[in-house]
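Shown next, in structure tokens, is the structure this report addresses.
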């Protein structure tokens, strides 16, 4: 069974800092990988979807990379803002259209 | 932008009572999922539908949980009887296929007292 791990579990940074969130998975036979944001008590908002044939995807201040062979993905957030405070979840998508989540990284950006 | 609709947004119920959640996926999305998320953890799959058929319900506690998607569009998840340990966020998601990614609804926060 696919296992997804996110490190660190929690991260606190001052506003303006660049940061990297890490995601690792045990089975490299994934179809895609998707990063989500979750605010407290809310549903999941999609941030970036990386196709298996891609190595990275960018949206605004966010950049996600994917290395299938090593079972790793990173989410880079540039110039962090207090509004970026949330839990970030990565999820791997299999060819059977199953989605396996990590436990998330809780980010706090301090003004 | 198209959304996945879920209701109710919040639900408080007493132990041993029945509770039901509703989900309306994005139009044209054949695959629908119900996930449960316990506070501080990642979502875990309860049931996956392809059109009106169940594809995976291996993690669904079938003694108390049931799910249906009768016409292959909207779906209902039911718990009867509810237990204290069922308190969690219940999330619905839909997908066109593995290449298109997933879209989640706002979730239903269930509290069992």
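The values are calculated or read from the model by the stated rules, or taken from the named source; none is laboratory data. Bear in mind that the values here come from a model prediction, so they are computed numbers and not experimental data. Please note: Cβ atoms are built from the backbone with ideal geometry, for glycine as well, and neighbour counts cover all protein chains shown.
Within the bounds of the stretch A:87-96, is there any residue that is without any contact (Cβ under 8 Å) to a residue 60 or more places away in the chain and within 14 Å of chain B (Cβ to nearest Cβ)? Checked against the condition, which is being without any contact (Cβ under 8 Å) to a residue 60 or more places away in the chain and within 14 Å of chain B (Cβ to nearest Cβ), the stretch A:87-96 yields at least one hit. The set of residues in the stretch A:17-35 that are surrounded by fewer than 19 Cβ atoms within 10 Å (Cβ to Cβ), within 14 Å of another protein chain (Cβ to nearest Cβ) and under 12 Å from the mean Cα position of the chain (by Cα) contains only A:24. Just one residue in the set B:77, B:60, B:32, B:46 is part of a loop (DSSP other than H, G, I, E, B), modelled with pLDDT of 95 or more and either within 12 Å of the chain's Cα centre (by Cα) or within 14 Å of another protein chain (Cβ to nearest Cβ) (or both); that residue is B:60. In summary, residue A:38 fulfils each of the numbered conditions (1) at the interface with chain B (Cβ under 10 Å from one of its Cβ atoms); (2) surrounded by fewer than 17 Cβ atoms within 10 Å (Cβ to Cβ) with the single exception of condition (2).
Per the conditions (1) surrounded by fewer than 18 Cβ atoms within 10 Å (Cβ to Cβ); (2) within 14 Å of chain B (Cβ to nearest Cβ), the sole criterion not satisfied by residue A:79 is (2). Counting only residues that are assigned to a loop (DSSP other than H, G, I, E, B) and closer than 25 Å to residue B:96 by Cα, the stretch B:1-21 holds 6 of them. Does residue A:9 satisfy the criteria of being without any contact (Cβ under 8 Å) to a residue 12 or more places away in the chain, surrounded by fewer than 16 Cβ atoms within 10 Å (Cβ to Cβ), more than 25 Å from residue B:108 (Cβ to Cβ) and within 12 Å of chain B (Cβ to nearest Cβ)? Spelling it out, it is not the case that residue A:9 is without any contact (Cβ under 8 Å) to a residue 12 or more places away in the chain, surrounded by fewer than 16 Cβ atoms within 10 Å (Cβ to Cβ), more than 25 Å from residue B:108 (Cβ to Cβ) and within 12 Å of chain B (Cβ to nearest Cβ). Scanning the stretch B:91-113 for residues that are surrounded by 21 or more Cβ atoms within 10 Å (Cβ to Cβ) and either facing chain A (nearest Cβ under 10 Å) or over 13 Å from the mean Cα position of the chain (by Cα) (or both) turns up B:91, B:92, B:93, B:95, B:101, B:102, B:103, B:104, B:105, B:107, B:108.
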